Amino acid sequence: MQSNPLLDGLRIEPAPGPSLLVIFGASGDLTRRKLLPALYQLSRAHRLPPRFSVIGVAKTPMDDEAFREQFRTSLREFAEVDPAGDAVAESLAGHLRYLTGDLDDQALYQRLAATIEEIAPGSGVLFYLAVPPSLAPSVAGHLGRVHLTRAENPSAWRRVIVEKPFGSDFESARQLNQLLHEHFDEPQIFRIDHYLGKETVQNLMVFRFANGMFEPIWDRRYIDHVQITAAETVGVEQRAGYYDTAGALRDMVQNHLMQLLTLIAMEPPVTFSADSVRDRKMDALLSIQPICTDGDCSRSVFRAQYAAGWVDGREVPGYRTEPQVNRGSTTETFVAMRLQLDSWRWAGVPFYLRTGKRLPKRVTEIAIQFKRPPLQIFKQVHASPVAPNLLIINVQPDEGISLRFEAKLPGMRMQLAPVMMNFRYGQAFGGAVPEAYETLLLDALIGDSTLFARHDFVEASWALVSPIHEAWRAEAAAAIPTYEAGEWGPRAADTLISADGYRWRTL
Ligand code: BG6
């Protein structure tokens with residue numbers, strides 16, 4: 001069927017009204033790598049409003065022109081775009097401003113208020129806290145004190161995006177929420193988890209709730225167990241200052257993996273609206289059973305740290321010898337865990353999570369293993385039990401969904417073999433998928449918080465993992481096991497899953 005351009009023209013996409021984005025931490029890595037390229041792509045796709053400007057704020061001295069030059073450089077480095085002669089880049093550059101100042105200094109915020117009034121009177125304002133977590137309370141407090149957090153009218157809305165890490169444990173997350181709530185109402189607060197902006201992660205909801213055939217079998221009667229893996233080949237890179245105090249549990253599990261898990265485990269929401277979706281995710285999170293018993297988490301959690309080894313054909317140093325890492329560090333770079341959800345849907349179905357740096361391959365996937373058929377009618381012709389059906393959701397890098405099932409091998413004899421049915425994003429739709437930050441920035445400008453973490457989610461998620469940190473702290477300092485860089489974590493992590501009769505998937 002041919003498309004009808006007249007009807008296409010009538011398709012209504014939510015679009016932000018006149019807006020201003022204020023980036024705190026505008027000279028930093030996140031701004032250069034992600035935010036500025038995302039703004040360019042949004043502008044190129046005509047998703048930014050005609051009246052749109054950006055004010056970058058940071059301590060690093062720069063003027064407007066230097067900030068514009070930083071924008072052009074980041075397009076070259078991180079978006080593979082040559083800004084010279086690119087009309088979109090030049091037009092956006094013309095709407096960039098920069099304020100130098102100490103984020104702890106009230107005078108900076110007075111200057112900011114005056115600049116907002118000068119360049120974007122009556123616009124909505126989105127504050128982006130791309131700053132270390134220690135600075136977030138100060139910035140929010142100052143914004144409140146100069147009355148920049150309250151909307152004057154519905155179109156002059158005020159919102160704030162808070163980057164991860166959101167706190168470092170349950171107590172600090174609770175305090176940060178409390179402080180933000182002194183100055184912003186919950187619907188104004190957008191806690192970012194970039195995994196929620198990934199196309200494949202959003203597709204989890206579409207896959208489950210826009211299709212009739214999977215939901216009836218999406219429970220303990222048909223699903224045997226679930227494995228979620230987020231494997232990276234990179235090491236700590238230049239981020240030891242943050243990572244050495246965080247570790248894999250804080251950096252990946254508390255946020256990204258818990259989001260993936262709840263999207264798999266949640267009940268169907270009544271509508272696709274922010275609170276309906278987040279209520280159901282919250283139910284799933286709350287159904288997770290405590291991970292530790294009497295301060296002992298060793299039966300459900302395993303941690304390790306990478307030692308020197310080889311990744312992608314390159315020799316790489318061990319974690320403790322990476323730049324700026326404490327030589328005696330016991331920070332974990334690998335975590336594997338087993339979770340049990342105490343709900344009608346999931347009782348008795350284990351969820352296994354693992355994440356690590358310096359593993360052999362970059363891959364994030366969710367594997368849902370179904371139960372075997374109740375009767376093995378092919379056992380006479382097929383010596384070993386048939387392979388269970390498996391649904392694999394490839395979050396990255398090879399985005400798609402695969403289903404494994406048994407088929408008859410061609411030939412006179414009845415022989416069985418597992419085969420795959422594959423859906424690949426690239427093949428099915430072609431074209432590039434938007435980066436997570438593009439989706440999330442646009443959603444925040446529109447005011448849609450469906451893909452952002454709510455205050456209760458972050459607190460409940462910290463409440464789950466904080467006892468693990470406490471237990472680790474109580475253990476002997478030198479106790480952390482190691483794995484060779486380029487291996488799939490330590491062998492000992494296998495016992496966590498083999499004790500239940502399973503194996504980690506070979507990826
Ligand atoms: C970040 C973590 O949130 O996610 C990093 O701080 C990690 O340590 C990154 O490397 C992984 O994101 P992605 O999108 O590459 O899977």
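The values are calculated or read from the model by the stated rules, or taken from the named source; none is laboratory data. None of the values given here were measured: they were computed from a predicted structure. Methodologically, a virtual Cβ is constructed for each residue, glycine included, from the backbone with ideal geometry; neighbour enumeration extends over all protein chains shown.
Quick rundown of the values:
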read-out: Region 386-420, residues that are touching a residue at least 60 places away in the same chain (Cβ under 8 Å), part of a loop (DSSP other than H, G, I, E, B) and away from the ligand (no atom under 16 Å from the Cβ); value: PRO388
read-out: Residues being within 15 Å of the ligand (Cβ to nearest atom) and either of a type in the set (Phe, Trp, Tyr) or assigned to a loop (DSSP other than H, G, I, E, B) (or both) - total across region 240-285; value: 2
read-out: Any hit, region 364-383, residues being buried (at least 18 other Cβ atoms within 10 Å of the Cβ) and without any contact (Cβ under 8 Å) to a residue 24 or more places away in the chain; value: no
read-out: Count of residues meeting criterion [more than 14 Å from LEU180 (Cβ to Cβ), part of a loop (DSSP other than H, G, I, E, B) and at pLDDT 90 or above] in region 149-158; value: 1
read-out: All positions within region 362-416 that are within 23 Å of ALA432 (Cβ to Cβ) and charged (D, E, K, R); value: ARG362, GLU365, ASP398, GLU399
read-out: Subset of region 311-341 [touching a strand residue (DSSP E or B) at 6+ places or on another chain (Cβ under 7 Å) and either assigned to a strand (DSSP E or B) or surrounded by fewer than 20 Cβ atoms within 10 Å (Cβ to Cβ) (or both)]; value: VAL316, GLY318, PHE334, VAL335, ALA336, MET337, ARG338, LEU339, GLN340, LEU341
read-out: Qualifying residue in region 150-158 (condition: surrounded by 22 or more Cβ atoms within 10 Å (Cβ to Cβ) and either touching a residue at least 12 places away in the same chain (Cβ under 8 Å) or more than 25 Å from GLY101 (Cα to Cα) (or both)); value: no
read-out: Condition met for GLY25 (on the phi > 0 side of the Ramachandran plot, modelled with pLDDT of 95 or more and within 30 Å of the chain's Cα centre (by Cα)); value: yes
read-out: Count - residues of region 260-287 that are of a type in the set (Val, Ile, Thr) and farther than 26 Å from TRP488 by Cα; value: 3
read-out: Cross-chain or 6+ apart pairs with Cβ under 7 Å, region 199-224 first and at negative phi and part of a helix (DSSP H, G or I), then hydroxyl-bearing (Ser, Thr, Tyr) and crowded, with 16+ Cβ neighbours inside 10 Å; value: GLU199/TYR425; VAL201/TYR195
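Here is a yes/no grid of residues against (1) crowded, with 18+ Cβ neighbours inside 10 Å; (2) assigned to a loop (DSSP other than H, G, I, E, B); (3) not hydroxyl-bearing (Ser, Thr, Tyr):
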{"residue": "VAL160", "(1), (2), (3)": "yes, no, yes"}
{"residue": "LYS164", "(1), (2), (3)": "yes, yes, yes"}
{"residue": "GLY167", "(1), (2), (3)": "yes, yes, yes"}
{"residue": "LEU179", "(1), (2), (3)": "no, no, yes"}
{"residue": "VAL234", "(1), (2), (3)": "no, yes, yes"}
{"residue": "GLN238", "(1), (2), (3)": "no, yes, yes"}
